[in-house]
Amino acid sequence: MGTRAQVYFPETKIYLYQHYDGYNLPNTVRDALKRGKDRWDDPEYLARIVFCEMIRDDIDGTAGYGIDAVRHDDIEYLVTLDTNRQRVIVQNIYEESCLSFSFDEYINRTQTSW
């Protein structure tokens, strides 16, 4: 088993899926936002940047990551990237907690656990 998580882009209705280490996905998204700052207003490009950051150490792998149009029902974390409002929403589904930040606030966070 693993800690499953997804990143959601509401403008494109695309979910990026991570099967293992989902607890670290909010940090991965933060790193991708830092790297892709010039694409914050472009959900298609930003989704690619985030996905590349997710699979960075497993580029040739055949499992562990995916792209879908639906939310999985067994995820622990959901990170929503709203490029229209430039907001990040981090939800811990099991603990029913939710944090919301502007993109600028989020990339300056140093928190490593959510």
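Calculated from DSSP H runs of 4 or more alone, at -39500 (n - 2.57) each and per residue, what is the 222 nm mean residue ellipticity of the chain, nearest 500? Don't skip to the end; give the middle numbers.
Details: 3 runs with 28 residues, N = 114.
Estimated from H runs of four or more residues: -7000 deg cm²/dmol.
Provide the FRET efficiency to the nearest 0.05 for the Leu99-Tyr20 pair, computing r from the beta carbons and using R0 = 25 Å. Show your work: numbers first, answer last.
Working: r = 22 Å, r/R0 = 0.89.
It comes out at approximately 0.65.
What are the ³J(HN,Hα) couplings of segment 89-103, residue after residue, when phi is run through the Karplus curve with 6.51, -1.76, 1.60 and θ = phi - 60°? Round to Hz, x for glycine and proline.
10, 10, 10, 9, 5, 5, 8, 6, 10, 8, 10, 10, 9, 6, 4
With Kirkwood's inverse mean 1/r over C-alpha pairs for Rh, give me the Rg to Rh ratio of the chain, two decimals please. Walk me through the numbers on the way to the answer.
Working: Rg = 12.7 Å, Rh = 13.8 Å.
We get a ratio of 0.92 for the chain.
When you count, for each residue, the other Cβ atoms within 10 Å and take the mean per peptide, how do 96-103, 42-49 rank with the highest first?
Details: 96-103: 13.5, 42-49: 18.0.
For the peptides 96-103, 42-49, the packing ranking is 42-49, 96-103.
Quick one: which residues, 5+ away or cross-chain, put their amide H under 5 Å from the amide H of Asp21? H built at 1.01 Å from N.
Thr3
Using a 7 Å offset from the Cα along the Cα-to-Cβ direction at both Val70 and Asp82, what is the distance between the two label points in nm, to one decimal?
2.5
Can you give me the relative contact order of segment 5-107 as a percent, contacts being Cα pairs under 8 Å and 6 or more apart? Write down the numbers at each step before the final one.
Values: 172 pairs, mean separation 34.7, N = 103.
This gives 34 percent for segment 5-107.
Each value in this text was obtained by applying a stated rule to the coordinates, not by laboratory testing. From a predicted model like this one, the values you see are computed outputs, not experimental measurements. Using ideal geometry, Cβ is built from the backbone for each residue, glycine included, and neighbour counts are taken over all protein chains shown.
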